[in-house]
Amino acid sequence: MKRNLTRIVIGMAIVVVFLAHAVHLMRVPFLDNLEAIVYDTRLRLTMPNTLDPRVVILDIDEKSLQEKEKGGEGRWPWPRDRLALLLDKLFDKYGIAVVGFDVVFAERDESSGIRVLERLGQRELKGVPQFQSVLDQVRPQLEYDDIFARKMKGRAVVLGHVFLSDDPASASKKGMLPPPVLPAGAFGERRVGVTSWTGYTANLDRLQRAASSAGHINPLPDQDGITRRVPMLVEHAGAYYEPLSLAMVRAVTGQPPVVPVVSQDGSADYSGLEWVKAGPFEIPVDFQAAALVPYRGGKGSYRYYSLVDVLNERVPVDELKGKIALVGTTAPGLLDLRATPVDPVFPGVEIHANLIGGILDGNIKQRPPYVVGAEFVLLLLSGAALALLLPMLAPFKSMLVTALVLLAVIGTNLMVFHSGNLVLPLASGILLILVLFTFNMAYGFLVEARGSRLIAGLFGQYVPPELVEEMARNPEQFNMTPRAEDLSVLFSDVRGFTTISESLTPEDLSVYINDYLTTMSLVIREGHRGTLDKYIGDAIMAFWGAPMADPNHAQNAVLAALDMMKQARVLNEKFHARGWPPFAIGIGVNSGVMRVGDMGSQIRKAYTVMGDAVNLGSRLEGITKQYGADILIGQETRQRITGIVLREIDLVQVKGKDEPITIYEPLGLEGEVEQKRLDEIRLWNQALRFYRAQDWDKAELQLINLRKVAEKTYLYDVFLERIAAYRANPPEPEWNGVHKFETK
């Protein structure tokens, strides 16, 4: 015990950190993120992955949105007389139990043309009795909203509405909310953690009054953007409202009242809602009055029917009879796809379906306040045992004990999760066990001695020596495992290098290229703390932001590019003195999320970056010669830098990319660029605006004037040639100035 006292003390300190996180004395964001990942994993492992026959989804899919001649109804929203017809089909022919709309009808339907006729009757045809008579006769057939409302009356139709989080002073309030399920003051003076909203977008008054009820369609995404919960009660203007799923369950079971169950314990930890009851159904809620969505499986756990097939009676009656129906969309253009634990692209309408199924089955997971105490006890018992035992055990026995404790913790947790619908924290327990095991195994030589040598060996050839020394002081923070990071990448290439190489002897060419690569590499590594990735002949690839984090990675990359241009001029003078040909380089810089780490094959690997942002950086270097520019940077880099004079060059769509990007040319630091050049930029910006507005005459005149005063005119020649081509073959009227590159 004495010999291992240091390890035991450190181990217990680790346990204390985890305990402090468990009781909220301190929060470790990583543990919260990990807990979310573990919850998602448990959910996927225990999902039934079966089809729920009680709920069906009437899908506004791509088939439904096709033009009528192709069998669809056209783009959404459809005329509401068609939706009125849909209600007749659903209730009269198919005999469904209830229909809920995962859409909001906030705008009047004017597709019938009634408003045009009314304006004619008030203006041009005001004095024509025959027109006024006919208008009065046809008005009932053309008021589609009234038709839709009449078809709702007396039927189990539930509408959806959306709450908004705007500034209270300017909160948008559109449409009519349904009556709240709980009035203002329902909780008295007791504090409950219900989410509050200040604005809303609801349905037209006449539609809301005709519907049997309505519910909000707001999910409650967690910090990682994943939808795991939906609030069962939300507060607006003091009153409380239910979600679409609960409103539909209540509609199909006789509209039982919503009854909140509040803890009677007087302590601060037990001051919120615990359950929401509606008739025989009890829905457990968390500290925000939200219920965990009981996903049955991936997309398709509920049967989908194309809405146009239902409207045209192409679905057998038996498949819809007595069902709970949700009208929603899976079409990407209608923007109701969400990230969930079971699928990163999941239809929002199926989230409501999962909640309806979970409420009916009574299998919604609960995360009551007392799980904090359960987590504390679990961490204390397992952590203290391992902190005391592992320092005194041999490596094999340590592995065995750790594995047994880990299996016991995971097994118990999965059992109560699946059988008892109880969500106990698991990530912190697993991580504590693994941290204690790793610490004890790595203690001593592995961490303190070999760590520094390993870092030096791994990164010494990529980054400046001073960075290697800094990394070696904390080797545990660095590894070569691939990960996603926000970085900046630089590509440079010598233009016409083949011609240069043919004019030199092999010996001179070797010195030439070595001098060039050494000079540029020193600018990148020593001058601006960049990481050299590779040389590809005369080309250089480098990046910033890894392995050492650099919040100014974009700034440093652009400054390196500018310094490379300065060193190129110095080096050209040196080469000229030797009688060697000069060179010119093009540089592309881009920023964004990239995959960085040790990548390759089993035979050979390299510490490098990959991804769309990297590919775009290479494309930018490739098109520098198309504009006569020394350096080109992407718009993502532009957003991350300051203090550098930039000239906007073009709006381009490079090969392999669907979205256009704006590209810029850095010209130097602010205060160092001559006024003449700044005036040239101002005139160029005017020419660019004329060009994008398709005002060819003004753009051409401006470019001709620029050619007279500019030292470098290649860019202006390029745009003059484009203008001549567009005069001969004008672009489409909606053309926005994008130039497409068909080659890399």
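Ranking L320, P178, A693 by how far each Cα lies toward the positive end of the dipole of the chain (charges on Cβ) leaves L320 at the top.
Computed from label points 7 Å out along Cα-Cβ, the spacing between N312 and D92 is 2.1 nm. Under the classification rounded if a/c is under 1.5, otherwise prolate if a/b is larger than b/c and oblate if not, where does segment 616-744 fall, given a ≥ b ≥ c as square roots of the Cα gyration tensor eigenvalues? It is oblate, given that a/c is not under 1.5 and a/b is not larger than b/c.
Secondary-structure-derived ellipticity at 222 nm for the chain, considering helices only, amounts to -13000 deg cm²/dmol, per-run term -39500 (n - 2.57) for DSSP H runs with n ≥ 4. Just the protein heavy atoms count here, and of the accessible area of segment 226-345 at 1.4 Å, carbon and sulfur take up 52 percent. Classification of segment 474-604 by its C-alpha gyration tensor yields a prolate form. The axis ratio a/c (a ≥ b ≥ c) is 1.5 or more, and a/b outweighs b/c. Given the pairs K70/K655; K151/K365; K70/K321; K70/K299, which span a C-alpha to C-alpha distance of over 31 angstrom in this model? Exceeds cut-off: K70/K655; K151/K365. With Cα atoms defining each centre, segment 668-744 and segment 300-377 are spaced 53 Å apart in the structure.
Taken about its Cα centre, segment 521-679 carries a charge dipole of roughly 500 debye when the Cβ of each Lys and Arg holds +1 and the Cβ of each Asp and Glu holds -1.
Charges were assigned to the Cβ only: +1 to each Lys and Arg, -1 to each Asp and Glu. The resulting dipole of segment 322-425 about its Cα centre is roughly 200 debye. Counting other Cβ atoms within 10 Å of each Cβ, which trypsin sites (Lys or Arg not before Pro) in segment 594-682 have at most 10 and sit in a DSSP loop? Passing sites in segment 594-682 are R604.
When segment 10-117 is described by a simple charge dipole with +1 on each Lys and Arg Cβ and -1 on each Asp and Glu Cβ, the residue from V38, T50, W76 located farthest towards its positive end is V38.
From the alpha carbon centroid of segment 70-100 to that of segment 563-602 is 63 Å. Within the straight-line cut-off of under 13 Å between alpha carbons, the aspartates and glutamates reachable from K566 are D630, sequence neighbours fewer than 8 places apart in one chain being disregarded.
In segment 303-390, taking the dipole from charged Cβ atoms about the Cα centre, the farthest positive-side position among I356, F376, A331 is held by F376.
The antiparallel fraction among DSSP beta bridges confined to the chain stands at about 65%.
Taking 7 Å steps out from each Cα toward its Cβ at T46 and S601 produces label points 4.5 nm apart. Using a ≥ b ≥ c from the Cα gyration tensor of segment 565-632 (square roots of the eigenvalues), is it rounded, prolate or oblate, where a/c under 1.5 gives rounded and otherwise the larger of a/b and b/c decides, a/b for prolate? Oblate shape, in that a/c is at least 1.5 and b/c is the bigger or equal ratio. Legend: calculated FRET efficiency, T253 to S196, from the Cβ-Cβ distance at R0 = 41 Å, rounded to 0.05, equals 0.90.
The residues of the chain expose on average 48 square angstrom of accessible surface per residue, using a 1.4 Å probe on protein heavy atoms. Among the listed options [x] 27.3; [y] 30.5; [z] 31.8, the one matching Kirkwood radius over Cα pairs in Å as calculated from these coordinates is [z]. Near L509, once Lys and Arg are set to +1 and Asp and Glu to -1 for all other residues with Cβ below 13 Å from its Cβ, the sum equals -4. With 0.36 nm allotted per residue and the present C-alpha distance subtracted, the R119-E107 stretch has 2.4 nm of extension available. Only Lys, Arg, Asp and Glu carry charge here, each on its Cβ (+1 for the first two, -1 for the last two); on that basis the chain has a dipole of about 1120 debye about its Cα centre.
The values are calculated or read from the model by the stated rules, or taken from the named source; none is laboratory data. These numbers were taken from a predicted model, which means no experiment stands behind them. Every residue, glycine among them, receives a Cβ derived from its backbone with ideal geometry; neighbour counts consider all protein chains shown. The area values use the complete protein model at the heavy-atom level, side chains included, leaving out ligands, DNA and RNA. Shrake-Rupley method; radii C 1.70, N 1.55, O 1.52, S 1.80 Å.
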